[in-house]
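The numbers here are math on the coordinates, done by the rules we state, and not lab data. Small disclaimer: the values here were computed from a predicted structure and weren't measured. Here Cβ is always computed from backbone atoms with ideal geometry, including for glycine, and neighbour counts include all displayed protein chains.
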């Protein structure tokens with residue numbers, strides 16, 4: 001009997017550990033530690049997170065606020081994704097020196113390129129401050145009063161925290177506001193580009209292969225942190241020196257096989273695993289279809305221009321990738337939710353919740369409250385999606401009018417800010433116009449403004465868009481507006497405050513944009529946040545109720561861009577009946593997909609030669625060169641660039657994507673089809689060594705053989 005109990009526990013742990021979860025690294029001792037070890041981990045909780053001694057967390061960075069990166073040498077060398085460094089690579093590129101097309105490799109420290117505005121942050125300490133955050137909060141207060149008191153408490157907590165002068169502090173909510181953790185962080189601002197493969201490697205497969213498996217993408221880039229002589233954060237200076245980390249990741253070249261343990265460490269952006277069924281239904285059937293349609297039309301137009309003009313291709317490369325990324329994700333998300341029957345599963349859970357709490361006066365009406373509120377927010381949520389996608393995300397001229405509206409509002413309220421705000425606008429416009437083409441934007445505007453006008457709920461449609469000819473409107477705006485080229489834009493901002501305000505209010509693009517933006521700030525957003533505040537209050541109570549109603553279930557906090565780990569195994573999957581995807585892809589697949597001259601599937605001749613000669617160095621295995629692999633780790637946006645670690649904490653891969661069938665994992669993680677996609681570190685080393693010939697970077701790393 002004892003044997004069977006142990007066996008049952010072991011099987012249960014294995015199943016549970018692969019069911020997803022993004023766990024707080026400071027809270028791993030106990031069940032998480034046991035689960036990881038049952039899957040094959042040889043690490044303790046303190047190996048992963050320790051405030052008193054060096055641990056894995058000291059090698060993990062939040063890269064430029066949106067991605068993850070890791071330190072892989074004792075000289076502050078950063079590894080992250082190519083798409084995370086894409087903007088920096090693009091900013092250093094030109095037609096004459098196209099680092100996107102040809103790659104970039106610094107052969108010495110002096111060749112490494114600075115990136116103004118780029119930064120990375122380290123997490124130095126995590127403290128639970130829930131008790132202090134809720135001090136003085138009681139049930140007599142309404143949701144707004146409770147949050148106000150919590151915000152006051154957090155301000156006191158941050159003011160009184162013990163930290164060094166160069167450190168900063170953040171307090172973040174977990175479990176929908178039922179727990180609060182404090183983070184001590186260090187931010188470094190001197191970050192330099194060290195290396196990047198050409199997009200034919202770093203973005204191989206581009207949008208066609210995005211979110212798909214098998215993948216064959218070398219999605220990596222290299223940067224370096226520089227610090228002052230005391231190893232502390234400093235602004236860029238030629239006197240700065242490479243940063244000395246408390247810990248860096250050794251690099252394993254032993255490779256992976258199916259069922260190997262994997263740990264992903266990083267900063268996942270956002271998940272919503274505990275939303276009610278009605279919320280998921282709204283996402284799938286109302287909000288996502290609207291956003292997908294808008295981006296679909298915008299991408300078709302931009303793609304046609306990029307294929308015809310190399311200059312436009314460079315200008316719009318980063319923007320196109322950013323827009324396409326979530327467009328395809330939302331499509332897969334909808335399909336995955338339908339395929340996994342996620343809404344029905346949530347409805348079943350909710351019925352069980354109702355049955356258990358039918359006599360609980362505190363919780364029995366929570367789901368009815370959700371139904372009422374989500375029906376109430378439906379139209380305004382759709383309006384908000386249309387405005388955001390058209391006015392802010394996909395039509396650059398309209399986004400410029402949003403910035404001008406904010407400028408006008410600010411300087412009208414505070415005339416003393418006029419000069420500084422004007423300078424900010426002029427400065428930011430330089431970068432915007434560098435990658436702007438009015439012909440492209442004009443075509444995008446005409447198509448999207450028609451969709452916006454005909455499909456936004458009638459209560460939120462601007463009078464200026466009623467009964468208009470969209471072609472005439474487009475020609476008038478793009479023919480007469482001064483917002484379509486840098487010289488005219490600068491002239492628009494010349495003069496006194498009164499003159500500037502009068503000039504921008506006479507501009508046809510601003511007349512329309514101001515009307516749309518004013519609608520957003522006075523009608524759409526206030527209504528959305530008014531209802532959403534009520535939803536959040538119910539969601540907070542529902543989260544608490546779920547944990548109390550199902551005490552034997554384990555609940556991880558939703559992702560919120562804070563440091564997390566997720567563990568699992570290298571694992572293939574069945575996307576459809578009768579089809580099994582193996583977990584590792586090889587360079588052979590790159591050559592099979594090769595299309596000469598195609599912007600997605602072209603391959604550098606040198607890479608072809610290395611393949612044909614089987615010149616893989618010590619990184620290949622059995623005459624093959626591994627490229628990517630997949631695992632059961634629960635990841636999301638923000639995990640781009642996260643290290644994939646083996647059982648000992650050595651680097652084995654670089655997370656960069658998820659499979660299309662599993663993109664719904666932000667709302668419903670399904671272990672049968674949810675897989676994260678990683679670049680095999682051996683492919684990264686192969687490209688650096690054999691393709692780029694950059695031995696100094698290879699020699700800088702610590703290569704290990706844990707399996708031997």
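Computed quantities for the displayed model
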{"item": "Inter-probe distance in nm under a simple model that places probes 7 Å from Cα toward Cβ, at residue 574 and residue 296", "result": "3.1 nm"}
{"item": "Packing rank of 265-274, 374-383, where each peptide gets the mean count of other beta carbons within 10 Å, highest leading", "result": "265-274, 374-383"}
{"item": "Theoretical gain in end-to-end length, residue 466 to residue 485 [0.36 nm per residue, Cα-Cα removed]", "result": "4.0 nm"}
{"item": "The stretch 584-632-the stretch 367-397 distance, computed between alpha-carbon centres (Å)", "result": "43 Å"}
{"item": "Residues residue 455 and residue 130, FRET efficiency given R0 of 41 Å [Cβ-Cβ distance, rounded to 0.05]", "result": "0.40"}
{"item": "Square roots of 5 times each gyration tensor eigenvalue, C-alpha, the stretch 277-549, largest first, Å", "result": "41, 23, 16"}
{"item": "Pairwise centroid distance, computed over Cα atoms, of the stretch 494-568 with the stretch 412-439, Å", "result": "24 Å"}
{"item": "Two-decimal log10 I(q)/I(0) for the chain, as the Debye equation yields it once each C-alpha is a single scatterer, q = 0.05, 0.08, 0.11, 0.12 Å⁻¹", "result": "-0.26, -0.69, -1.36, -1.60"}
{"item": "Peptides ranked, highest mean first, by Cβ atoms within 10 Å: ranges 587-594, 557-564, 638-645", "result": "638-645, 557-564, 587-594"}
{"item": "Full-stretch length increase - residue 107, residue 257 - with 0.36 nm per residue and alpha-carbon distance subtracted", "result": "50.6 nm"}
{"item": "Simple spin-label estimate for residue 229 and residue 608 in nanometres, 7 Å along Cα-Cβ", "result": "5.3 nm"}
{"item": "Model label zone, residue 139; criterion: amide N under 18 Å from point 7 Å along Cα-to-beta-carbon; scope the stretch 531-561", "result": "537-549"}
{"item": "Mean shadow area of the stretch 435-558 over all directions, Cα convex hull, nm²", "result": "12.3 nm²"}
{"item": "Residue 506/residue 172 FRET efficiency (R0 30 Å; Cβ-Cβ; nearest 0.05)", "result": "0.10"}
{"item": "Residue-averaged 222 nm ellipticity for the chain, from DSSP H runs of 4+ at -39500 (n - 2.57), nearest 500", "result": "-13500 deg cm²/dmol"}
{"item": "Computed lengthening from residue 621 to residue 345, 0.36 nm per intervening residue step minus Cα-Cα distance", "result": "95.0 nm"}
{"item": "Inter-probe distance in nm under a simple model that places probes 7 Å from Cα toward Cβ, at residue 434 and residue 236", "result": "1.0 nm"}
{"item": "Cα-based equivalent ellipsoid, the stretch 171-272: semi-axes from gyration tensor eigenvalues, Å", "result": "29, 25, 16"}
